[in-house]
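Enquirer: The structure under discussion is supplied below as structure tokens; questions concerning it will follow.
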Amino acid sequence: MRRPGRATLEADPARWHYAGPLESGRLLPQYDAFTERVAASGADIEWIGDSADDGLADAMFPFDPSFMTPGGAILLRPGKALRQPEVASHETLYRRLGVPVIGAIEAPGTAEGGDLMWVDAGTLAAGRGFRTNQAGIDQLQAILAPLGIEVRAFDLPMWHGSAACLHLLSLVSPLDRDLALIYPRLFPVALHELLLERGVQCLEAGDEEFTVSAGLNLNVLATAPRRCIALDGFPETVRLMRDAGCEVTRFDGDALCIPCEGGPTCLTLPILRDHPPSSTENGP
């Protein structure tokens, strides 16, 4: 994780595609409250760099610049060009932790972590859109093929255009090996069929909360099977998950997440889990 600093708090909203000037007096306490919930889940937190004035406003969302696999990390190449310098800090983190780097996405390829989701141990779904292109997906397949992992691409809708942030994980959050939360109106049909084929139950979130939250009601961080952290303020989405047997912890993110188009999943980067990925678990 990386705590937001001056680069974020003083960011030009137009340049970074934020909803407006950020309120540090509310954003920072909300970030600290979220961090407390992550720690309370039993996770150990490693911090990426520091919050120095390096100009990297989006660096508090570390999910996108790299991706973890059973063989080691892959350094990605964000489709949002302003984020590409963040990759170096991820490489430094992996070096410090002794995590092998098994590959890197190079131009003209682009790939962001928010477009990647484990379907099972041998299948990685990739959302093809404005942030992740076919060249990036081809490079991911070349890196992962020696591990016996197939990368399957699924087209994302244009939605609000290239400036907005619509990832594959804007439309789906894995909650367990056999359970996922999806927004069906924008979800790729072929991926929906694949999940059902693999025995994954799909909980379908409604239109109203998806619209009001700009999709962030779907951005749910699973800290263990059917244990998750979600944004407060979206009771129908929470009810849907709880009715399926999920334990849901909430936090207030109206100043932290909504203006910046990034939710609890985006605020973290999974490095190590207790068990290898299987079914829908999104990470090693």
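The values are calculated or read from the model by the stated rules, or taken from the named source; none is laboratory data. Keep in mind that this is a model prediction, so the values were computed, not measured. Areas reflect the complete protein model, heavy atoms only, side chains present, ligands, DNA and RNA absent. Shrake-Rupley method; radii C 1.70, N 1.55, O 1.52, S 1.80 Å.
Enquirer: As a test of the formula, what do you get for the chain when each DSSP H run with n ≥ 4 contributes -39,500 (n - 2.57) and the sum is divided by the residue count, at 222 nm and rounded to the nearest 500 deg cm²/dmol? Spell out each step's value before the answer.
Expert: On the way: 8 runs with 71 residues, N = 284.
The helix contribution divided over the chain gives -7000 deg cm²/dmol.
Enquirer: Once a ≥ b ≥ c are taken as the square roots of the eigenvalues of the Cα gyration tensor of region 1-114, is the result rounded (a/c under 1.5), prolate (a/b larger than b/c) or oblate (a/b not larger than b/c)?
Expert: Verdict is oblate for region 1-114.
Enquirer: Take the Cα gyration tensor of region 114-255, multiply each eigenvalue by 5, square-root it, and list the three semi-axes largest first, rounded to whole angstrom.
Expert: On the way: eigenvalues 126, 67, 33 Å².
That gives 25, 18, 13 Å for the three semi-axes.
Enquirer: Need the C-alpha centroid separation for region 26-80 versus region 92-162, integer Å.
Expert: Region 26-80 and region 92-162 have Cα centres separated by 18 Å.
Enquirer: Given a 1.4 Å probe and heavy atoms of the protein chains only, how would you sort Ile143, Ile48, largest accessible area at the top?
Expert: Ile143, Ile48
Enquirer: Apply the a/c threshold of 1.5 to the C-alpha gyration tensor of the chain and tell me whether it is rounded, prolate or oblate.
Expert: rounded
Enquirer: Heavy-atom accessible area of Tyr18 with all protein chains present, probe 1.4 Å, nearest 10 Å²?
Expert: Solvent-accessible area, nearest 10 Å²: 20 Å².
Enquirer: Tally up the carbon and sulfur contribution to the accessible surface of region 112-204 as a whole percent, 1.4 Å probe, everything protein left in place.
Expert: Ligands and nucleic acids excluded, carbon and sulfur reach 52 percent.
Enquirer: For region 97-187, what class follows from the C-alpha gyration tensor (a ≥ b ≥ c being the square roots of its eigenvalues): rounded when a/c is under 1.5, otherwise prolate if a/b is larger than b/c, else oblate? Intermediate results must be reported in sequence, preceding the final value.
Expert: Details: a/c = 1.92, a/b = 1.22, b/c = 1.57.
Oblate is the answer for region 97-187, as a/c is 1.5 or above yet b/c matches or exceeds a/b.
Enquirer: Over the chain, with the other protein chains present, what is the accessible area per residue in square angstrom, probe 1.4 angstrom? It would help to have the intermediate numbers written out before the result.
Expert: On the way: 11830 Å² over 284 residues.
Each residue of the chain exposes 42 Å² on average to a 1.4 Å probe.
Enquirer: Beyond 21 Å, how much of the Cα-Cα pair distribution for region 171-284 remains, as a whole percent?
Expert: 33
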